[in-house]
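Here is the structure we will look at, set down as structure tokens.
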Amino acid sequence: MSLTQPALAISAAVSINAMNEHDLLEVVEIEEQSGLSRWGWSAYYAELQSVNRNLMLVARVGRPLEQIKTYNLAGYIVARLSAGELHINNVAVREEYRRRGVATALLNRILESGKRLHAKAAFLEVRAGNAVAQGLYKSCGFQLIGRRRRYYSEPLEDALIMSLGLSDGA
């Protein structure tokens, strides 16, 4: 998928915005529901105070799919820029918004940010057993480059390392 290509059909009720501290309770809730390695409120708050705060995005819901829901976020992504590399730390989407293009839109936006910041490549780790996430990353152009044994806990699992060149000729 081209970085300039529009995301898959996202509901018009979802927009991508910078994360702020008012989003953190929902971010942690989505993190817990998604089974990601736990960062928790304090870690996200600290990251918002860092130079990488512009690499923390949320998919904001204009109107929840079901009117009885009271949340504001469909998903989020957190990345860091270090030594000319974009490291994607967390990507998560609420279950009811999965397979609607939200994660693809978040990934494309963060990759565009990485390119604007002159990152040469993007890297991420994904659970070896998470075929759905691996498929998403492959569809966005990421390639498998390695494995970290016993990287994740709860449950204990290997991580696959994936990368994507962001600069011309990378």
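The values are calculated or read from the model by the stated rules, or taken from the named source; none is laboratory data. Worth saying up front: this structure is predicted, and the values here are computed from it rather than measured. Note that we place each Cβ from the backbone using ideal geometry, even for glycine, and neighbour counts take in every protein chain shown.
Give the residues of the stretch 157-170 that are touching a helix residue (DSSP H, G or I) at 6+ places or on another chain (Cβ under 9 Å), surrounded by fewer than 13 Cβ atoms within 10 Å (Cβ to Cβ) and without any contact (Cβ under 8 Å) to a residue 40 or more places away in the chain, sorted by residue number. Correct list: empty. Of all residues being of a type in the set (Val, Ile, Thr) and either under 12 Å from Ala18 (Cα atoms) or modelled with pLDDT of 90 or more (or both) in the stretch 39-63, which is surrounded by the most Cβ atoms within 10 Å (Cβ to Cβ)? Just the residue, please. Restricting to residues being of a type in the set (Val, Ile, Thr) and either under 12 Å from Ala18 (Cα atoms) or modelled with pLDDT of 90 or more (or both), the top hit is Val58. Summed over the stretch 127-163, the residues that are within 21 Å of Thr104 (Cβ to Cβ) and either touching a Cys at 6+ places or on another chain (Cβ under 7 Å) or polar (S, T, N, Q) (or both) give a count of 5. Restricting the stretch 96-138 to residues that are of a type in the set (S, T, N, Q) and part of a helix (DSSP H, G or I), which is farthest from Ser167 (Cα to Cα)? For the stretch 96-138, the residue satisfying everything is Gln134. Considering Glu31, Glu66, Glu85, the condition of being surrounded by 13 or more Cβ atoms within 10 Å (Cβ to Cβ), modelled with pLDDT under 95 and acidic (Asp, Glu) is satisfied by Glu31 alone. Exactly one residue out of Glu154, Glu125, Glu112 is buried (at least 18 other Cβ atoms within 10 Å of the Cβ) and charged (D, E, K, R): that is Glu125. Among the residues of the stretch 139-160, is any of a type in the set (Phe, Trp, Tyr) and part of a loop (DSSP other than H, G, I, E, B)? Yes, the stretch 139-160 has at least one match. Whenever a residue of the stretch 100-111 is more than 14 Å from Gly135 (Cα to Cα), its partners that are at pLDDT below 95 and of a type in the set (Ser, Thr, Tyr), lying with C-beta atoms within less than 8 angstrom and at least six residues away or across chains, give the pairs Arg100/Ser11. Can you find a residue that is among the aliphatic types (A, V, I, L, M), over 22 Å from Glu26 (Cα atoms) and out of contact with any helix residue (DSSP H, G or I) (no Cβ under 7 Å at 6 or more places or on another chain) anywhere in the stretch 93-102? No: the stretch 93-102 contains no residue that is among the aliphatic types (A, V, I, L, M), over 22 Å from Glu26 (Cα atoms) and out of contact with any helix residue (DSSP H, G or I) (no Cβ under 7 Å at 6 or more places or on another chain). In the stretch 139-151, the qualifying residues are those that are farther than 14 Å from Val91 by Cα, of a type outside the set (Phe, Trp, Tyr) and in contact (Cβ under 8 Å) with a residue 12 or more places away in the chain, and the one that is surrounded by the most Cβ atoms within 10 Å (Cβ to Cβ) is Gly141.
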